Amino acid sequence: MSDGPRICDYGDSTYRQDFWEGQGRGYEDAVERRVLASLLPRSGRRLLEIGAGFGRITGEYRMFRQVVLLDYSLEQLQYARGRYGDVGFLYVAADAYRMPFQSSAFDAATMIRVIHHFENVPAVLGQVRSVLADSGAFILEYANKRNLKAILRHIFGINHWNPFTLDPVEFVELNFNFHPEYIAKQVTDCGFVLRRSVPLSWLRLGLLKRTLPTALLALGDRALQRTGWTISPSIFLDLTLNNPGAAQFVDSDDPLDLLCCPVTGSSLSRSAEALVSQSGLRWAIRDGVFDFREPLA
Ligand SMILES: C[S@@+](CC[C@H](N)C(=O)[O-])C[C@H]1O[C@@H](n2cnc3c(N)ncnc32)[C@H](O)[C@@H]1O
């Protein structure tokens, strides 16, 4: 429908089975959860999980009264819905470049293992900014281009790209690694203030993961996180939005008060199994998932 940036469409991919379940990534999962838990506020009203996928880490957001899972893949969201149900959770299939939410609908947002699929980083950060209330929390994970392995590969002439240049590197179609200074500039330009940066997943090596227990690796990772050295493969940022001119936080749990038409920005009304914008665009509700990817014909 749009001529905008390309989208990495997971559709009905087997990401859960092929990447996580039984795939030897218990260590990565454990350290991400731990860092995420340490950065999340103690309580909150409504959190937006951008690129929630099948809900791998959604269980970490228990301190929020409502969690909205946004993903482009309807199938991933349907799986997540089967896991978490509808009480306290809302499922939205949409393009993060065109978020179907009212301004200031959230007091927190997260984006974990997702921004590496975005070729237009300022555009997606601008969307996060518009749906977050002033002083809202934003936890962003990104894949670090200037990681130790990439530096060594560069020194030995194995990589065809330079980990020290600021431009993002697209190593596989729609898979980008970012330089820490590039991300720092993008978030700052967008009005976010950096509170903390945590480099993690230092021990992502097959041999270590096969031979050492996950708990021991996680302990080692914690020690390395404390160095603050931004040469790990993954980095979490704890950001807060500085936007005093933002609209007032949407103080209602009714989906119709939170959602809006992603094309016109107008509010929506309900009609049978669809939501209708003021200009007549109709958006389906499929098995409890609000589907804003394409309007109904
Ligand atoms: C690597 S998965 C990460 C899922 C989850 N955050 C996790 O850590 O397990 C990336 C997710 O981003 C979603 N995604 C990619 N591009 C998107 C876009 N433009 N809008 C919404 N979701 C998108 C994909 O559908 C996929 O579920």
Original post:
Pairs under 6 Å by beta carbon, first residue closer than 13 Å to residue 101 by Cα in segment 241-259, partner among the polar types (S, T, N, Q) and not in a loop (DSSP other than H, G, I, E, B), six or more apart or different chains?
Top reply: 253/66
**OP:** All but one of (1) within 22 Å of residue 260 (Cβ to Cβ); (2) surrounded by 21 or more Cβ atoms within 10 Å (Cβ to Cβ); (3) in contact (Cβ under 8 Å) with a residue 40 or more places away in the chain; (4) more than 9 Å from the ligand (Cβ to nearest atom) hold for residue 77, so report the exception by its number.
**Re:** (4)
Original post:
Which one is farthest from the ligand (Cβ to nearest atom), of the residues in segment 1-24 that are charged (D, E, K, R) and free of Cβ contacts under 8 Å to residues at least 60 places away in the same chain?
Top reply: 3
Original post:
How do the pairs read when you match residues in segment 121-143 that are within 15 Å of residue 178 (Cα to Cα) and of a type in the set (A, V, I, L, M) with residues anywhere that are within 13 Å of the ligand (Cβ to nearest atom) and assigned to a helix (DSSP H, G or I), using Cβ under 6 Å and keeping only pairs 6 or more apart or on different chains?
Top reply: 143/116
Original post:
Is segment 39-46 home to any residue that is within 13 Å of the ligand (Cβ to nearest atom) and on the phi < 0 side of the Ramachandran plot?
Top reply: no
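Rundown of residues vs (1) basic (Lys, Arg); (2) touching a Ser or Thr at 6+ places or on another chain (Cβ under 8 Å); (3) more than 14 Å from the ligand (Cβ to nearest atom), yes/no style:
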| position | (1), (2), (3) |
| --- | --- |
| 28 | no, yes, no |
| 56 | yes, no, no |
| 63 | no, yes, yes |
| 72 | no, no, no |
Original post:
Within segment 86-105, is even one residue without any contact (Cβ under 8 Å) to a residue 12 or more places away in the chain, farther than 24 Å from residue 134 by Cα and away from the ligand (no atom under 11 Å from the Cβ)?
Top reply: yes
**OP:** Can you work out which of the residues in segment 114-151 that are among the small types (Gly, Ala, Ser) and assigned to a helix (DSSP H, G or I) is nearest to residue 258 (Cα to Cα)?
**Re:** 130
**OP:** For residue 133, indicate whether it is away from the ligand (no atom under 11 Å from the Cβ) and buried (at least 24 other Cβ atoms within 10 Å of the Cβ).
**Re:** no
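All of the numbers you see were taken from the coordinates with simple rules; none came from a lab. Fair warning: this is a prediction, and the values are worked out from it, not measured in the lab. Methodologically, a virtual Cβ is constructed for each residue, glycine included, from the backbone with ideal geometry; neighbour enumeration extends over all protein chains shown.
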